[in-house]
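For reference, the structure is listed below as structure tokens.
The values are calculated or read from the model by the stated rules, or taken from the named source; none is laboratory data. These numbers were taken from a predicted model, which means no experiment stands behind them. A quick note on method: Cβ atoms are made from the backbone with ideal geometry, for glycine too, and the neighbour counts reach across all protein chains shown.
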Amino acid sequence: MEGTPKQPSNLSLLLQSILEEARQLPEAGKVADYIPALAAVDADYAGIAVATIDGQVHWAGDAEQCFSIQSVSKIFGLVQAMNRLGDSMWERVHMEPSGQSFNSIVQLEWEHGIPRNPFINAGAIVVSDMLVSHYSASKAAALSFIRRLAMTEQIWINEEVFQSEKEHGNRNAALAYLMKGFGNIVAEVPDVLDHYFYQCSVEMSCKQLALSLVFLANRGVHPLTEETICSRRDAHRVNAILSTSGMYDQSGEFAFTVGLPAKSGVGGGIAAVVPNYGVIAAWSPKLNSFGNSCRGMHMITRLAAQLGLSVY
Ligand code: DON
């Protein structure tokens, strides 16, 4: 890291000014519309929160408004699977950037049904299969894990998004059946997809999201509960894969310009981990052509630059 991150005297004021700047940006991007329930979200929402490892949460804008976390949920599933299966899981999903869009199918055929990493859809579907196969009630286990991390029971899934994901899930079904054909899906495909869509449909606010992931900035230990969520080695591994693969096909550019492990979702949320400091969660629904939130990227980029947060 470039020295110790600067601690502004009032982080909330800095967040407020960055948020206002992002709100002034010329209209860019497009709200995800492959699901009617996502397309209906007010495009003007914008929020940012920072949870630090000393237990503080600073925020600005719509940081208490819940949104569909979508692919940011892939982090929670991965940590659950790492805890449950140990190193054997890496025989079924690898840790390389894909260089393809998140729902691409071509690479899977060449690579015999082994997804490049757990943050593309195919990888998260294999992780979902692991969870379905290792928990008697995998969806309840996923939700309770997220609630424990966010230290609140007030986290729910959006039923409308969940049902629409299933109705529009043909491509994910194709990925799952192809992997099943290669022997890399154990459970029944509909059950695996049910879990995958369920975790995509979880709704959280920026404040909840930042707090729930702050263990990744603190070597696997939740700073507020002092609970070990994952090993230090696994926190390192999650951050490493986030750095190379968390921002879809824009991960290289994000590392180049921002320099933080991060994950985005098509609901417009982005969570960025600042090791030994905290987690930034930003949300605004309009997405760029890669599927990353335009204002979310702007806010995290500005904050990282102002505080010198890059890990490189
Ligand atoms: O798999 C899907 O179609 C959505 N639930 C996408 C989630 C997302 O944010 C994109 N993911 N990598």
Item to complete: Could you check how many residues of the range 23-72 are within 15 Å of the ligand (Cβ to nearest atom) and either within 17 Å of L149 (Cβ to Cβ) or within 20 Å of the chain's Cα centre (by Cα) (or both)?
Response: 17
Worksheet item: On the given criteria, is V214 within 16 Å of the ligand (Cβ to nearest atom), outside the structural domain of R148 (by TED's automatic domain parsing) and under 17 Å from I300 (Cα atoms)?
Response: no
Worksheet entry | Residue list for the range 131-153, filter: outside any helix (DSSP H, G or I) and within 21 Å of the chain's Cα centre (by Cα) | M151, T152, E153
Practice prompt. Report the residue count in the range 133-149 for those that are crowded, with 22+ Cβ neighbours inside 10 Å and away from the ligand (no atom under 16 Å from the Cβ).
Written response: 2
Practice prompt. Return the pairs, sorted by first residue and then second, in which the second residue is away from the ligand (no atom under 11 Å from the Cβ) and part of a loop (DSSP other than H, G, I, E, B), the first residue lies in the range 254-271 and is hydrophobic (A, V, I, L, M, F, W, C), the beta carbons are less than 7 Å apart, and the residues are 6+ apart or on different chains.
Written response: V258/S310; L260/L309; L260/S310; L260/V311
Item to complete: Report yes if some residue within the range 75-90 is small (G, A, S), within 14 Å of the ligand (Cβ to nearest atom) and crowded, with 24+ Cβ neighbours inside 10 Å; otherwise report no.
Response: yes
Item to complete: Select, from S264, S310, S289, S293, the only residue that is within 16 Å of the ligand (Cβ to nearest atom) and surrounded by fewer than 21 Cβ atoms within 10 Å (Cβ to Cβ).
Response: S289
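Could you tell me whether the range 266-277 includes any residue that is over 26 Å from R116 (Cβ atoms), in the same structural domain as E64 (by TED's automatic domain parsing) and either at pLDDT 95 or above or not basic (K, R) (or both)?
We begin by selecting, within the range 266-277, every residue over 26 Å from R116 (Cβ atoms); these are 276-277.
From what is left, the residues that are in the same structural domain as E64 (by TED's automatic domain parsing) are 276-277.
Remaining after also requiring either at pLDDT 95 or above or not basic (K, R) (or both): 276-277.
Within the range 266-277 (the criterion being over 26 Å from R116 (Cβ atoms), in the same structural domain as E64 (by TED's automatic domain parsing) and either at pLDDT 95 or above or not basic (K, R) (or both)), the answer is yes, since at least one residue qualifies.
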Fill in: Considering residues of the range 107-130 that are more than 16 Å from the ligand (Cβ to nearest atom) and either in the same structural domain as A210 (by TED's automatic domain parsing) or part of a helix (DSSP H, G or I) (or both) only, the residue modelled with the highest pLDDT
M130
Worksheet entry | Any chance P115 is of a type outside the set (G, A, S) and buried (at least 24 other Cβ atoms within 10 Å of the Cβ) | yes
Discussion item. Just the residues that are surrounded by fewer than 24 Cβ atoms within 10 Å (Cβ to Cβ) and over 25 Å from V221 (Cβ atoms), please, taken from the range 267-286.
Written reply: K286
Worksheet item: modelled with pLDDT of 95 or more, under 25 Å from F119 (Cβ atoms), outside any strand (DSSP E or B) and touching a helix residue (DSSP H, G or I) at 6+ places or on another chain (Cβ under 7 Å) - does that describe any residue in the range 35-57?
Response: yes
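Is it the case that some residue within the range 163-173 is more than 14 Å from the ligand (Cβ to nearest atom), in contact with a Cys (Cβ under 7 Å, 6 or more places away or on another chain), under 19 Å from F67 (Cα atoms) and touching a residue at least 24 places away in the same chain (Cβ under 8 Å)? Break it down into steps so the answer makes sense when it comes.
The initial filter retains those residues of the range 163-173 that are more than 14 Å from the ligand (Cβ to nearest atom), namely none.
Looking through the range 163-173, none of the residues is more than 14 Å from the ligand (Cβ to nearest atom), in contact with a Cys (Cβ under 7 Å, 6 or more places away or on another chain), under 19 Å from F67 (Cα atoms) and touching a residue at least 24 places away in the same chain (Cβ under 8 Å).
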Practice prompt. May I ask you to list the residues in the range 247-279 that are part of a loop (DSSP other than H, G, I, E, B) and of a type in the set (S, T, Y)?
Written response: Y277
Worksheet item: If we keep just the residues of the range 190-246 that are in a loop (DSSP other than H, G, I, E, B) and of a type in the set (S, T, Y), which is modelled with the lowest pLDDT?
Response: T225
